[in-house]
1. Give me, ordered by chain and number, the residues 5 or more places off Y98 or on other chains with an amide H under 5 Å from its own placed amide H.
2. Using modelled amide H (1.01 Å from N, peptide plane; none on Pro or chain starts), what sits under 5 Å from the amide H of V28, excluding residues fewer than 5 places away?
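Any read-out appearing in this document is the output of simple, stated calculations on the displayed coordinates, not a laboratory observation. What you see is a predicted model, and the numbers here were worked out from it, not measured in a lab.
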Amino acid sequence: MQNILVVDDDPTVAEVVTGYLERAGFAVTPAADGPEALRQAADRRPDLVVLDLMLPGMDGLEVCRKLRADGPVPVIMLTARGDEDDRILGLEVGADDYVTKPFSPRELVLRVESVLRRAALQHQGPRVQAAGISLDPEARRATKAGTELALTLREFDLLAHLMLHRGQALSRERLMHDVWGWEFGDLSTVTVHVRRLRGKIEDDPARPRLIQTVWGVGYRFDAGRLDEGGVSHA
């Protein structure tokens, strides 16, 4: 049974979310603040974290950073407002998805299932190599020139998708559908993840050579002459 860590200081929200997730077949570990969340995660590594952005003391952004410092884990951020700044802040620290309060508990369950399902599917994908970058979906490990890259779940999935379709211009709408599994949503989610990904794989993120912007369309992984490989099923 997959374990979901629910971090929210509002007991009513935590109770409702816990109830819906348990009825959906998940084991739920609740935490009312950041320090408790980190203790719970240390005792039992969660399969996914539902994390409120506005926590007392240590806020959700800091909790997310500390959780990710111990290894990759999917995070769905709960934001109290629909402000774009709040959403982008969550995505900037590596949240895989966000839900704005007030929200439908059923929608949250669907988001949890979607993130976990796509993570499981990505584990089954082929190894990918291009431009000195190597991805091993089964190990969830990415390296560049032999050095491991610290990628979040979504960053790994996005890079894998771009590399598998290298040379193709992919729209942000298609990336949102293929990588996030969303039929619609805020396209700035894709933009933020591309910016973060460039910061981790490009020699000069300000002048990207690998992830090219195709104006009016979206993005293209363009290894060019640096391409050293392809898809491996080994």
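1. Counting only residues 5 or more places away or on other chains, the set is M77.
2. The answer is I4.
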